[in-house]
Structure formats: C-alpha cells, structure tokens
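What follows is calculated from the coordinates using simple rules that are stated; it is not laboratory data. Because the structure is predicted, anything quoted here is derived from the model rather than measured. Neighbour counts run over all protein chains shown; Cβ positions are idealised from the backbone, glycine included.
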Amino acid sequence: MVECPVCGAEIEVGELELHQIIECPVCGVELEVVGLDPVVLEEVPEVEEDWGE
Amino acid sequence: MVECPVCGAEIEVGELELHQIIECPVCGVELEVVGLDPVVLEEVPEVEEDWGE
Amino acid sequence: MRVVKIGGAVLDRLEEFDGILEGDIITHGGSDYVDELSRRLGIEVKRLKSPSGVEFRYTPKEVLEIYLMAIMKANKRIVSLLQSRGINAIGLSGLDLGLIKAERKKLVKAIINGKKVAIRDDYSGIIREINVKVLRELSKVGVPVIAPIAMSEAYEPLNIDGDKLAHAIALSLKADELVFLTDTAFLADGEIVEKIKVNEMEEFLPFAKGGMKRKLLMAKKSVESGVKKVIIQGLNGRTVIE
Amino acid sequence: MRVVKIGGAVLDRLEEFDGILEGDIITHGGSDYVDELSRRLGIEVKRLKSPSGVEFRYTPKEVLEIYLMAIMKANKRIVSLLQSRGINAIGLSGLDLGLIKAERKKLVKAIINGKKVAIRDDYSGIIREINVKVLRELSKVGVPVIAPIAMSEAYEPLNIDGDKLAHAIALSLKADELVFLTDTAFLADGEIVEKIKVNEMEEFLPFAKGGMKRKLLMAKKSVESGVKKVIIQGLNGRTVIE
C-alpha cells in the first residue's frame, strides 16, 4: 500500500516501473512513480498535446 | 605492347588497372587506362588542384 | 501568399509535381529520412502513443542528432531541386535567426506496453512563435525552405511537426493558400474527394485516419482562421478545402 | 569586416573561445564529424593524395550525403551556440541562394597504393564564385554561418575546403581581418610564433606541415590580396600574420 501525496488515501499498488503513471482511485489525480523501494509517488501536471515528425 | 594515342609510340606495359594513369616514355603525355582486354589508353588533361574538407 | 508543405513521403518524387512547388514559403517533413538514418546507425525508432491516441517519435538527445541531420538532408535536397528549376531557395531551420521558437515538452505522457508512463527526456516541441518580420524580409531575398526544427528556450534544436509548422506559418503570415504535398489526395471509399466545404468536414472525417485525419482537421482550422484555401495535393489528384 | 573560420578540431570546444567568435561572417570545417558519421555508418573514410602531395577526402556520391549531413550538424551546433550568446546567427550552405558556386572536379588524379589513378566520381569542387551582394544583404539580417558546401553547375552539393572558403570570402568581401580558430597557434621548435611579417614567411614555412602549412600560405596570399591581418587563434595562443 502507498499513500496518495495529494489526498492521503492508501492506494493498493501492484508491480510498478519507474516513471509509470497511475491514477489515485480516490481523488483521481495522476501520480508518477519517481522512486522504487520504497515506492515514491509525485503528482503529474496536465500536459498540452503536440507532436514532432 | 600498346600504342600511345598521342605520338603513336609502342609502349611496354606491365599489369594495369582500370583508370590507372601511365606516362608515355616517348612524348611524356599522361595516359589513362580506360579499357582492359584489350588495353585502351586515352590522354588525360591537366587538372587544377584544389580540395574539400 | 502561398505556403507549401512538402511531405516526407514525396521528397524523392518531387519531379512529379510541376508548378505546385512554387510557394512563397516552403516547409517540409522528412520522417522517412529520419527512420532510414536511425536504422542505418542501428538506433531503434520508437514511436509512442499519447494517451489521446496520437502517435509521435520518441526523440531523446541521441535521436535528436539523427533527426537534425536527416531533416537537413531533406532540406538541402529541396533547395537543390528548386535552384535547378530557377527558384532561388534559401534553406533554413528554426534555429536560424531564431525563426521558430518552441517550448520543449519537459513532460510527455505515453502508453508503452499498455502502461501509461511519464517521459522527461524528449526533445519535441510545441511551436510558440514564428518570427514573421524576419520571414517576410527573407522572402524578399529568396524562397525560404523551412525545416521542422525549432529553437528551444535553451537555444537547442527541437523536433516539431511539419504539418503544424505549415499551419502555424500560414496563419501568422495570413496566407491565402496552404498546400500539403503528399502521396495521395483524400479518398473516401476509394474515390478522390475533390472538394470539401469546411462546414461539411464532419461528414468526411470518419473516412480519414492518421496523418490524413490530422491534415483535414488542420485544414478546417486554417480556413476558419482566415486561410482562403487549403489544398491536399497528391500524386493522384487533389482535395480542396474552402 | 571580420571573417572567422571555425576549425573542425574546435567545434566541441567553442566555449573556450570568448569574444573572438564575433565575426561578421563565419565559416567552418567539420571533417572530424564527417569521419565519425562515416565510421558509425560503416563507410570507409578514404583520404587520397594528389600527385603534388596534398591530402584530400575521396567524396563519391555515397560519401557526399554523409558529408552534407555531418557538416550541417556542425553548422547548426555553431548557430545554436551563437544564438545562446545573443548573436543572431543564420546558418547556410552554398546551395542556399546559390551563395557559393563551384566547379565539380570531374577528373581528379590521386596516388593509391603507389599508383597514379584517375578518379571521375569525386564530388569535391573548386570555388568559382561567392555571391557577395547576397552575403552583404544577409549580414544586415544576421550573422551568416556558411557551411563548406558549394553548389555545382548541376545545382548539386559539393565538398569544398573550409580554409579556402574563408579565404575566398575574405577576399571577395575585402575583409580587414581573417581569423582561423583552431586547436593550436603556429609553433616553431615548440614555441608559439606570435607575429609573422608576410615578407618573412619563407623563413617560417619549414617549421610547418599539413593543415598549418596550408593556413600560413593562405594567410600570406590573403594579406598580399588586401586583408590587413590574418590571425591563427589556437586554444594555446595566437599567431598574427600582417
């Protein structure tokens, strides 16, 4: 279990990868895995979509 | 033996490569091997020297 | 004022287009060249999908260098062809005179093997500013041929989308005509659609996908923003959007 | 008017040169980049020797493409650095606006394995014309950074020598100063020679070889043709030729 840094809810997490993005099931915010052992989550800002060649 | 296309002299030639340049021992002109079996020689013009990177 | 975008797919077939190449400002793509050079250098071409389904080239620094070289090869190939037709082309990137400023996407969300991930080392950009004044000055000297390379806040090259660049230039220069040169016009049920009124666009979108769909949406936005006519000129015919 | 030529050897060390980079017109080399890209693509770098002993890069079409990509990478690296220092650089090749016209050497004589051979598929060129009018116009818009790529009679790119390009530009624009940025100033017996009067040049030539010797000879020709001062600016000091 990991704590959501935004709403504090306890989140059930399976196997994670560094930089993986998960959604907090309680407050719905997107969280990025910025650390493993222990798992550290950080809120991910909204991003504007646009692309190169 | 091959004939010099410029002065007509008979030139003793050993093993040649395509595009090789030889000098006519009689008239001193530079000749390019433009054909093998049979050997074909052609006069090679003077060239200005200059180079790239 | 006519802006022409030469698609990567027709870079090696430009001889088959005649007068259409005469634009006041030309931009181009070149992703096929980038893929080819990457392959030759043994570097994997990674195309990722954004959460909203748009495909894009993952462009870390190592790929950015390949991108720049391959795109400049495309740029000079176009300049060389135009010069041979008596068109006084001047090939430029967005770095030159700071022509195209873009913001590096410091965070990109992508779907990799079904998982959503955050990517922070991508060197693609969102176009923020076209130096219109300089572009107008340059078009008095010759025909600018602008490569899809922008300048970041850190003065570094960035990968930007060729279609979006053409659209941004057409809008900022208030072009009358925006032409997309590509392999095929827009087809619906195998038939070339020769004309689309902007307000009818929604009916045609279901027939398009990928790059063509994006071009049609962009054409709509261009016409709604003042461009009189957008032409999707293929080797097999054309589609005009007004 | 100052013309600066950035040598290939210092392309990745430009940060170590401060004000000297401020030229009105900049040209550059890049053969290290060409060698690196050739190696990465598994294409053999062939340097041939002319009958008079000058070494040159054999540049058939396949190498020309690599040459162009690697040299344009060098070009945009310089533009990016100058932009980051607030210098409004515009990177160009000789194809752009037909800035540099050269004649392709349709016949090159070289020594290969001791045999003299004729080479007919080399894409190096002899500089024939610099478009001075356009270059002056461009230097009003920004600082031109010219790549050693010329345009042939067939509007194709050609490999030309960066030093010779700098020399040709300095003469045609009647520059006051021509600066060669390279790794080392001219050394004689391990000591930097800080100043050479043009009429004393013959005494110093025996101490120089290869690229340095060619630079000294070119410096002499430049000063004799009206350039007031030629500087060979190394990372370790400078040699001034007047």
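State log₁₀ I(q)/I(0) for the range D:79-122 at q = 0.17, 0.19, 0.23, 0.30 Å⁻¹ as given by the Debye formula over alpha-carbon point scatterers of equal weight, solvent excluded.
-0.67, -0.71, -0.82, -0.97
Per-residue Cβ counts within 10 Å, from other chains only, averaged over D:69-81: what number is that? Write down the numbers at each step before the final one.
Working: counts 10, 2, 4, 10, 6, 1, 5, 12, 4, 1, 9, 9, 1.
For peptide D:69-81, the averaged partner shielding equals 6.
Taking the mean number of other Cβ atoms within 10 Å as a proxy for protection, how do you rank C:190-203, C:18-31, D:178-191 from highest to lowest?
On the way: C:190-203: 12.7, C:18-31: 21.0, D:178-191: 18.7.
In descending order of packing, they fall as C:18-31, D:178-191, C:190-203.
Cysteines of chain B lacking any other cysteine beta carbon under 4.7 Å?
Cysteines of chain B left without a disulfide-compatible partner: none whatsoever.
Please grab the % of Cα pairs in the protein assembly as shown that end up more than 45 Å from each other. Display every interim value, and only then the final one.
Numbers: 50707 of 173755 pairs.
Of the Cα pairs, 29 percent sit more than 45 Å apart.
Take chain C, connect every pair of alpha-carbon atoms lying under 10 Å apart with a spring to form a Gaussian network, then pick out the residue of C:Ala168, C:Ala208, C:Ala219 with the largest mean-square fluctuation.
Judging by the Gaussian network model, the answer is C:Ala208.
Taking every DSSP beta bridge that has both residues in the range C:109-242, what percent is antiparallel when rounded to the nearest 5? Intermediate results must be reported in sequence, preceding the final value.
On the way: 14 of 22 bridges.
So the antiparallel bridges in the range C:109-242 amount to around 65 percent.
List the lysines whose alpha-carbon lies under 18 Å from that of D:Lys220, not counting same-chain residues fewer than 8 positions away?
D:Lys5, D:Lys164, D:Lys174, D:Lys195, D:Lys197, D:Lys209, D:Lys228, D:Lys229
Which distance in nm do the two modelled labels at D:Leu187 and D:Lys140 give, with both placed 7 Å along the Cα-to-Cβ direction?
With each label point 7 Å from Cα toward Cβ, the separation is 4.6 nm.
To check you understand DSSP bridge types, tell me what percent of the beta bridges within chain D (both residues inside) are antiparallel, rounded to 5.
50 percent
Find the centroid of the Cα atoms in the range C:1-70 and in the range B:1-35, then give the distance between the two in whole Å.
The two parts, judged by their Cα centres, are 51 Å apart.
Just how many % of Cα pairs in the range B:2-43 lie over 17 Å apart, if you round to the nearest whole percent? Please report the intermediate quantities before stating the final value.
Values: 122 of 861 pairs.
When every Cα pair of the range B:2-43 is considered, 14 percent fall beyond 17 Å.
Which percent, nearest 5, of DSSP beta bridges in the protein assembly as shown are antiparallel?
Restricted to the protein assembly as shown, the bridges split so that about 60 percent are antiparallel.
Please average, across the residues of D:176-186, the number of beta carbons from any other chain that are within 10 Å of each residue's own beta carbon, and give a whole number. Can you show the working numbers first?
On the way: counts 0, 0, 0, 0, 0, 0, 0, 0, 0, 0, 0.
Shielding by partners across D:176-186 averages 0.
How high is the relative contact order of the range B:2-43? Use alpha-carbon pairs under 8 Å, at least six apart in sequence, and give a whole percent.
Numbers: 65 pairs, mean separation 14.0, N = 42.
Reported relative contact order: 33 percent.
Counting only other chains, what is the mean number of Cβ atoms within 10 angstrom of the Cβ of each residue in peptide D:142-154? All intermediate terms of the calculation are to be shown ahead of the outcome.
Values: counts 5, 1, 1, 1, 0, 3, 2, 3, 1, 5, 1, 0, 2.
Whole-number average of other-chain Cβ neighbours for D:142-154 is 2.
Do you know the relative contact order of the range C:108-242, to the nearest whole percent, from alpha carbon pairs under 8 angstrom that are 6+ apart?
Working: 187 pairs, mean separation 31.5, N = 135.
Computed value for the range C:108-242: 23 percent relative contact order.
Would you mind listing how long chain D runs along its three principal axes, going by Cα atoms, in whole Å with the largest first?
Cα spread of chain D along its principal axes, largest to smallest: 43, 41, 33 Å.
Select from the range A:1-42 those GluC sites (Glu not before Pro) which occupy a DSSP coil region and have at most 14 other Cβ atoms within 10 Å, ordered by residue number. Working shown, then result.
Working: sites: A:Glu3, A:Glu10, A:Glu12, A:Glu15, A:Glu17, A:Glu23, A:Glu30, A:Glu32, A:Glu42; in loops: A:Glu12, A:Glu15, A:Glu17.
Here the sparse-neighbourhood loop sites are A:Glu12, A:Glu15, A:Glu17.
Considering lysine pairs in the range C:80-163 that are 8 or more places apart or on different chains, how many have Cα atoms under 20 Å apart? Don't skip to the answer; put the middle values down first.
Details: C:Lys101/C:Lys133; C:Lys105/C:Lys115; C:Lys105/C:Lys116; C:Lys106/C:Lys115; C:Lys106/C:Lys116.
The number of close lysine pairs in the range C:80-163 is 5.
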